[in-house]
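**Student:** Structure in structure tokens, see below.
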Amino acid sequence: MVIRTEGLTFNFGDQTVVKSLSLQVPEGAIYGFLGPNGAGKTTTIKLLMNLLKTQHGSIHIFEKELQSNRINILSQIGSLIEQPAIYLHLTGKENLLNRALLLEIPAKRVDEMLDLVHLKDAANKKAGQYSLGMKQRLGIGLALLSDPKLLILDEPTNGLDPNGIIEVRELLIKLVTKYQKTVFVSSHLLAEIERMATHVGIINHGELLFQGSIEELQALSQPLVQIEAENTVDAANFLKKNKVDVADVNEHQLFVPYTDKKQMGEINALLNQNGFTVYSIGKQQKDLEKLFLAITQNA
Amino acid sequence: MKGFILSFRSEFYKTRKTMAFWSSVLLPLLLCLLLFIGFYSKSDQISKEPGVMLWLQFSGAILGIMGTLILPMLIVFVAYSVNNIEHKADTWKTLFSLPISKLSVYGAKYFYAFFLIFVCLALFVLFTLGFGNLLSVVKPSLRFSEYHIEGVLTRVYFKLFLASLGILSIQFLLSLLFRDFLKPMGIGFICTISGDILAGNGWKYAYLFPYSHPFLAIQSLEQGKNAKPGPGGMPEIAVDFFTKDIGVSLAIALLVFVAGYFIVLKKSVK
């Protein structure tokens, strides 16, 4: 595991912002850390970067305890936390050169980064004149400067236009597949994470509600047979008596786990033959967006 | 140690194009230049003065307000600028997630502020001497070359530097903690005025109040000047570094540095 936390808890005053978090980020993963705004994502990331002091629980990065191996661990992490931290009175290139100086990295690498994040033409422009997207790209360039093994990015596509979002996504996928990096990326947009993540953790109100591979997340979203009928409650009770599982019932519809088309026909026949008029019947797949909402709202 | 040097170099790199750095260079340059122009234009009236008086007037014009106003305000500004550069860019989180110890990052910033004040005071010495000698070249009637003030002036300014460390450390911590300019500026201004009043009225515990120290440093100089007419008619100006106020200034600087470090360790980085 590249990142492993156990029982990580953090309080701001008497408010618990992160509750007993146990993250497991395997090597070579793009780990999507998903949650609505204010769920505790940034706090978690600051704990991982040792910007906030761990109050309860433990953090291991590269299988080493964070507090006692701080400098060694931080030297292998590149990070972008909230809006990029950029000196606006310096040019884009000077921002990179300053960081290169601090990290003892040859200046040659600065040009490579400018190239990578497409800022070569704006290299000598003051960062204060950069657009939001350019600042974000410079922030990513700064994070990648030391060629870190682990990248921790907090909402890296915030404020980017669709092209920019696609570029960042492709860059991250390339970093993992071609250069064997591990990426921990937070977002409040599921669609964003779904397109690139190999692993997902969903957090809300400081609690980890789901953690696993993207396939495991998709598997949670089982297809259902959606039946619109005359009297849904009676129909549901009738189906149960006839040994058919009912997943959910409301005033207008009832839901049965889907197995195949034949099963759908049988249910239809069964209801109609026993005096329950079926208005409509069909297969319904819950998409991840709804699943995400369901997971975060039920908590 | 390497982390400290890297951070210190980075501090210079970041500020080299800002007022934080240039104020330390421009302030002595402009003040000494103004003084040069002033002396040049009234050279006829003062041409009869002996060299020693010329030097005392020339350097005293700045030193007179240095202790009460210029130095404390410069300290407030420098302490604010070196911290504000991180507040403004939201870069504290980056600084403290560098693979460099927090002590090095914090210490480098702290000493960079010291360094800027040191540079500024050193340039005051240099420009005072430079412009004084320049005056005697362009106006040979002014007999600046009669007397050599280099040694005394250097010691006076060095004492001022030592006297400023207490204030600097307090202002540094205030600027580190508060994002806005008004709090450290307001506190610094009120304390400077209070310090001047306390020291000016000869309150016997003024040496315990850091904002009185630059004033006290200048004051002791004037007392010394009057007390000792030296050999050969030249007044001998004694500069005593080992005074109570300097001791307090250094103690406060050390104490606040250590306290500040623990505050930085405990403080959550925004």
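**Student:** Answer with yes or no whether B:ILE170 is surrounded by fewer than 16 Cβ atoms within 10 Å (Cβ to Cβ) and of a type in the set (Val, Ile, Thr).
**Tutor:** no
**Student:** Here is a follow-up. Condition first: away from every other protein chain (no Cβ under 13 Å), surrounded by 22 or more Cβ atoms within 10 Å (Cβ to Cβ) and β-branched (Val, Ile, Thr). Can you find one or more residues in the stretch A:146-154 that meet it?
**Tutor:** Scanning the stretch A:146-154, I find no residue that is away from every other protein chain (no Cβ under 13 Å), surrounded by 22 or more Cβ atoms within 10 Å (Cβ to Cβ) and β-branched (Val, Ile, Thr), so the answer is no.
**Student:** Checking A:GLY92 against (1) under 28 Å from the mean Cα position of the chain (by Cα); (2) under 11 Å from A:GLY141 (Cα atoms), which test does it fail?
**Tutor:** (1)
**Student:** Taking the stated definitions as given, is B:GLY188 away from chain A (no Cβ under 14 Å), in a helix (DSSP H, G or I), open to solvent by less than 10 Å² (accessible area, probe 1.4 Å) and within 30 Å of B:GLU49 (Cα to Cα)?
**Tutor:** So B:GLY188 fails the test.
**Student:** Right, here's the next one. So if I check each of B:THR68, B:THR15, which one is in contact with a helix residue (DSSP H, G or I) (Cβ under 7 Å, 6 or more places away or on another chain), at pLDDT below 90 and among the hydroxyl-bearing types (Ser, Thr, Tyr)?
**Tutor:** Of B:THR68, B:THR15, the one residue that is in contact with a helix residue (DSSP H, G or I) (Cβ under 7 Å, 6 or more places away or on another chain), at pLDDT below 90 and among the hydroxyl-bearing types (Ser, Thr, Tyr) is B:THR68.
**Student:** On to the next question. Across the stretch A:17-45, what is the number of residues that are open to solvent by less than 30 Å² (accessible area, probe 1.4 Å), under 26 Å from A:ARG195 (Cβ atoms) and within 13 Å of chain B (Cβ to nearest Cβ)?
**Tutor:** Qualifying residue count, the stretch A:17-45: 2.
**Student:** Please enumerate the residues belonging to the stretch A:52-61 that are facing chain B (nearest Cβ under 8 Å) and either surrounded by fewer than 17 Cβ atoms within 10 Å (Cβ to Cβ) or in contact with an Asp or Glu (Cβ under 9 Å, 6 or more places away or on another chain) (or both).
**Tutor:** Selection gives A:LYS53 alone.
**Student:** Select from the stretch B:230-270 the residues that are within 14 Å of chain A (Cβ to nearest Cβ) and not in a helix (DSSP H, G or I) and write down the one among them that is modelled with the highest pLDDT.
**Tutor:** Among those residues, the one meeting the criterion is B:LYS267.
Residue-wise test of (1) away from chain B (no Cβ under 14 Å); (2) touching a Leu at 6+ places or on another chain (Cβ under 8 Å).
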position: A:GLU82; (1), (2): no, no
position: A:ILE105; (1), (2): no, yes
position: A:LYS108; (1), (2): yes, no
position: A:HIS118; (1), (2): yes, no
position: A:SER131; (1), (2): yes, no
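**Student:** Got a number for residues in the stretch B:119-139 being open to solvent by 10 Å² or more (accessible area, probe 1.4 Å) and either under 17 Å from B:GLY151 (Cβ atoms) or within 17 Å of the chain's Cα centre (by Cα) (or both)?
**Tutor:** Adding up the residues that qualify gives 9.
**Student:** Please go through the stretch A:240-280 and pick out each residue that is part of a strand (DSSP E or B) and either open to solvent by 80 Å² or more (accessible area, probe 1.4 Å) or closer than 30 Å to A:PHE292 by Cβ (or both).
**Tutor:** A:ASP248, A:VAL249, A:GLN253, A:LEU254, A:PHE255, A:VAL256, A:PRO257, A:TYR279, A:SER280
**Student:** Determine which member of the set B:GLY200, B:GLY188 is modelled with pLDDT of 85 or more and of a type outside the set (A, V, I, L, M, F, W, C).
**Tutor:** Sole residue among the options that is modelled with pLDDT of 85 or more and of a type outside the set (A, V, I, L, M, F, W, C): B:GLY188.
**Student:** Select, from A:LEU74, A:LEU116, A:LEU90, A:LEU132, the only residue that is touching a Pro at 6+ places or on another chain (Cβ under 7 Å), in the same structural domain as A:GLN180 (by TED's automatic domain parsing) and either open to solvent by less than 10 Å² (accessible area, probe 1.4 Å) or more than 15 Å from B:ILE100 (Cβ to Cβ) (or both).
**Tutor:** A:LEU74
**Student:** Can I ask one more? Is at least one residue of the stretch A:224-231 of a type in the set (Gly, Ala, Ser) and surrounded by fewer than 19 Cβ atoms within 10 Å (Cβ to Cβ)?
**Tutor:** No, because not a single residue in the stretch A:224-231 is of a type in the set (Gly, Ala, Ser) and surrounded by fewer than 19 Cβ atoms within 10 Å (Cβ to Cβ).
**Student:** Additional query: When residues of the stretch B:68-98 are filtered for being among the β-branched types (Val, Ile, Thr), open to solvent by 20 Å² or more (accessible area, probe 1.4 Å) and assigned to a loop (DSSP other than H, G, I, E, B), how many remain?
**Tutor:** Summing the residues that are among the β-branched types (Val, Ile, Thr), open to solvent by 20 Å² or more (accessible area, probe 1.4 Å) and assigned to a loop (DSSP other than H, G, I, E, B) in the stretch B:68-98 gives 0.
**Student:** Hey, another quick one. Please specify each residue of the stretch A:62-80 satisfying the condition of being among the hydroxyl-bearing types (Ser, Thr, Tyr) and at the interface with chain B (Cβ under 7 Å from one of its Cβ atoms).
**Tutor:** A:SER75, A:SER79
**Student:** Would you list the helices (runs of 4 or more DSSP H) that sit entirely within the stretch B:1-67 and hold 3 or more residues that are open to solvent by less than 50 Å² (accessible area, probe 1.4 Å) and within 14 Å of another protein chain (Cβ to nearest Cβ)?
**Tutor:** The helices (runs of 4 or more DSSP H) meeting that bar are B:2-15.
The values are calculated or read from the model by the stated rules, or taken from the named source; none is laboratory data. Source: prediction; values computed, not measured. All Cβ positions, even for glycine, are placed from backbone atoms using ideal geometry, and neighbour counts span all protein chains on display. Quick note on the areas: whole protein, heavy atoms, side chains included, nothing else; ligands and nucleic acids left out. Shrake-Rupley method; radii C 1.70, N 1.55, O 1.52, S 1.80 Å.
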